[in-house]
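First up is the structure itself, then whatever we jot down about it.
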Ligand SMILES: CC(C)(COP(=O)(O)OP(=O)(O)OC[C@H]1O[C@@H](n2cnc3c(N)ncnc32)[C@H](O)[C@@H]1OP(=O)(O)O)[C@@H](O)C(=O)NCCC(=O)NCCS
């Protein structure tokens, strides 16, 4: 493939990583210690680790694991949260399997999915979930999120999406962050616009859902160069 010029850097475990030029400044995984690291932007430097846990004024956003499945399931099994969703509510088994498959760091390496839980700082209540799925050799991330209807309209969605955009660009060195939703999902589209995403357009009848049949999907994105 085109831009295949390799460069070398040291992982935190000491192993020399051979990376392609386009991986400079971005997420890489070490084959020896299984760490997730950010490659240096300069040839020959050291890779460094990054933190996955984020704190905002109202929220703690951290990786969701199998131990959290019951609290996450309270969100992902509630029909009311799926009014505009393309997927269906989760069964307990599917959710547990999924959380096992995305376990950091190895599961993220394999699936490309960072799955976060969103907790209210004041009392630890799990108010929603948000995921960043990596694609195109880690240059693009796609955000998906769900705030439990019991906690909607309090600014939590705005705060979580804003934080994860920062994590994607400043933490992981992504080039582009995308998000998409049912084109009739006004709350979500308003949130994406409010958090600085550009509306790219609509993929007409691109997804077929069980209850609503074919739905139009609205596409949104942020580019790193516009983020600053
Ligand atoms: C869409 C969703 C994430 C919004 O989360 P939230 O925490 O309620 O959103 P916020 O309180 O931060 O509100 C952000 C903006 O969204 C818009 N919004 C929120 N609820 C709305 C509603 N019921 N109707 C219209 N706009 C709404 C508003 O513009 C709001 O900004 P404002 O308060 O300055 O007017 C949440 O409703 C949700 O998870 N829904 C179900 C799952 C889903 O649709 N996920 C997105 C697909 S990936």
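The values are calculated or read from the model by the stated rules, or taken from the named source; none is laboratory data. What you see is a predicted model; the values in this text were computed from it and never measured. Using ideal geometry, Cβ is built from the backbone for each residue, glycine included, and neighbour counts are taken over all protein chains shown.
Quick rundown of the values:
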item: Top-ranked residue of the stretch 171-226 - restricted to ones that are in a loop (DSSP other than H, G, I, E, B) and at pLDDT 95 or above, ranked as farthest from the chain's Cα centre (by Cα); result: 184
item: Selection within the stretch 177-228 - at positive phi and loosely packed, with under 13 Cβ neighbours inside 10 Å; result: 201, 205, 213, 228
item: Where residue 66 falls short, out of the listed (1) farther than 20 Å from residue 171 by Cβ; (2) out of contact with any helix residue (DSSP H, G or I) (no Cβ under 7 Å at 6 or more places or on another chain); (3) surrounded by 11 or more Cβ atoms within 10 Å (Cβ to Cβ); result: (2)
item: Search result, residues across the stretch 157-170 that are within 11 Å of the ligand (Cβ to nearest atom), touching a residue at least 40 places away in the same chain (Cβ under 8 Å) and crowded, with 23+ Cβ neighbours inside 10 Å; result: 160
item: Residue among 96, 121, 21, 70 that is more than 21 Å from the chain's Cα centre (by Cα) and at negative phi; result: 21
